[in-house]
Amino acid sequence: MKHFTKVSDISDIDALVKRARTFKGNPTAAEHMGQHKTLILVFFNPSLRTRLSTETAGTRLGMSVITMNANQGWKLEFEDQVIMNSDRAEHIREAAAVISQYGDVIGIRTFPTLTDRDKDYQDHILNSFIRYAQVPVISLESAIRHPLQSLTDVLTIEEFKKTKRPKVVLSWAPHPKALPQAVANSFVEWMRATDADLTVTHPEGYELAPEFIGDVPVEHDQQKALADADFVYVKNWSSYRDYGKVHTQDNSWMITPGKMDLTNQAFFMHCLPVRRNVVVADKVIDSPQSLVIHQANNRQWAAQAILEHLLNQ
Ligand code: CP
């Protein structure tokens, strides 16, 4: 059974991006293909874009869409062979199987603990759903990846690039809270699978997990990294090595007009939500080079292409 949780679940990224662009030009191109099918979206954590864009995508394919906030109500038990005498009232074995009775595709959003690296990097909650669900599962952002966002980002770069192989810089930026590494991990994973010249820049101590960064060049001098960039993708993440910790909030890493001047008139990208004047200066996010609303728009077409892909099996 097909699931969508990572780039390697997709054999032909170009075809998927092309299909997303078809939906962008003609949102009702497959308006009946999901008829009499139900999409169930389960959110353990908050969302604006993922929730609304995926609901919209399912509806445009003719699906019935049910969204459930799983952080309300009782807690699920994910461990095997436990005596269930805590506050966890239902086991994932039953919960995933039961949701599968009502839904034809299940979407799951779950953030990491940022305290237990081993469990987070096993993607314990998402993989438990995959193990016990009886229908395709789509990741709406898991502990370590955000594939719907990354497919959207590939689509957006494809639309705006001026050269076949653009220079793309992923830059860490400061943030007051400890955030997951999921968006950065996934962005790197998808850029490595497409035709892009990727450089990552971050302060010492913010190295991404080896299985994600691979042989991608890392430059600790942000200004040097930004030179001649065509796209500047900005995101905060907490430390992988000193797991979940915030080592610095150094605002000299914020993206400013002066930094964008170092680039090849680069486009600015961020998955949102973003902290203005912490991560990026107003003048950059409000400039014509900012693609953040294009990215948010593209979330729906990427989701529509993926849902169609999962229904076509
Ligand atoms: N970019 C993104 O996933 O936004 P939400 O957290 O609002 O879904």
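Each reported figure results from applying straightforward, stated rules to the coordinates on display, with no laboratory input. All values derive from a computational prediction rather than experimental measurement. Cβ sites come from the backbone with ideal geometry, for glycine too, and all protein chains shown count toward neighbours.
Which order, highest average first, do 115-125, 83-93 follow once you tally other Cβ atoms within 10 Å for each residue and take the mean per peptide? Kindly include the intermediate steps, with their values, before the conclusion.
Working: 115-125: 16.6, 83-93: 12.1.
Most protected by this proxy first, the peptides run 115-125, 83-93.
How big is D, in µm² s⁻¹, for the range 148-296 by Stokes-Einstein at 37 °C and 0.692 mPa s if Rh is the Kirkwood radius over C-alpha pairs? Present the calculation step by step, with values, prior to reporting the outcome.
Details: Rh = 15.0 Å.
Reported coefficient: 218 µm²/s.
For the chain, count all C-alpha to C-alpha pairs, find those more than 27 Å apart, and express that count as a whole percent of the total. Please list the in-between numbers first.
Numbers: 20706 of 48828 pairs.
Result: 42 percent of Cα pairs exceed 27 Å.
For LYS75, give me every one of the lysines with a C-alpha distance below 21 angstrom, ignoring sequence neighbours fewer than eight places off in its own chain.
Candidates past the 8-residue exclusion: LYS119.
Quick check on the chain: helices-only [θ] at 222 nm, where DSSP H runs of length 4 and up contribute -39,500 (n - 2.57) each and the sum goes over total residues. Nearest 500, please.
Details: 12 runs with 112 residues, N = 313.
It comes out at -10000 deg cm²/dmol, rounded to the nearest 500.
Extending each Cα 7 Å along its Cβ direction at ASP215 and SER8, get the distance between those two points in nm, one decimal.
That separation, rounded to one decimal, is 1.7 nm.
Once amide H atoms are built 1.01 Å from N in the peptide plane, which residues 5 or more positions from THR67, or in another chain, come under 5 Å H to H?
Under 5 Å from the amide H of THR67 lie the amide H atoms of LEU41, each far enough along the sequence or on another chain.
Provide the per-residue ³J(HN,Hα) series for the range 48-62, in order, calculated from phi with Karplus coefficients 6.51, -1.76, 1.60 and θ = phi - 60°, each as a whole number of Hz, with x at glycine and proline positions.
10, 5, 5, 5, 6, 5, 6, 4, 4, 4, x, 4, 5, 8, x
Using a Cα-Cα cut-off of under 18 Å, which aspartates and glutamates could be cross-linked to LYS259, ignoring same-chain neighbours fewer than 8 residues away?
Output for LYS259: GLU219, ASP221, ASP228, ASP230, ASP250, ASP282, ASP286.
Which whole-number percentage describes the relative contact order of the chain, with Cα contacts under 8 Å and a sequence gap of 6 or more?
20
Sequence-distant or interchain residues sharing an amide H contact under 5 Å with ILE138, placed H: which?
PHE4, ILE106, GLY107, ILE108
Working from the pairwise distances between different alpha carbons, so that the mean of 1/r is found and then inverted, what is the range 141-195's Kirkwood radius in Å?
Values: mean 1/r = 0.0821 Å⁻¹.
Result for the range 141-195 stands at 12.2 Å.
Using only the alpha carbons of the range 203-266, determine the length spanned along each of the three principal axes and report them from longest to shortest in whole angstroms.
35, 27, 16 Å, listed from the longest principal axis down.
Over all distinct alpha-carbon pairs, what is the Kirkwood Rh of the range 1-120 in angstrom? Let's see the in-between values first.
Numbers: mean 1/r = 0.0600 Å⁻¹.
It is 16.7 Å.
Can you tell me the FRET efficiency between ALA15 and ILE83 if r is taken as the Cβ-Cβ distance and R0 is 51 Å, rounded to the nearest 0.05? Before the final figure, lay out each step's value.
Values: r = 49 Å, r/R0 = 0.95.
Efficiency at R0 = 51 Å is approximately 0.55.
Quick check for me: using +1 on Lys/Arg Cβ and -1 on Asp/Glu Cβ, what's the dipole size of the chain about its Cα centre, in debye to the nearest 20? Present the calculation step by step, with values, prior to reporting the outcome.
Working: 34 positive and 37 negative charges, 147 e Å.
About 700 debye.
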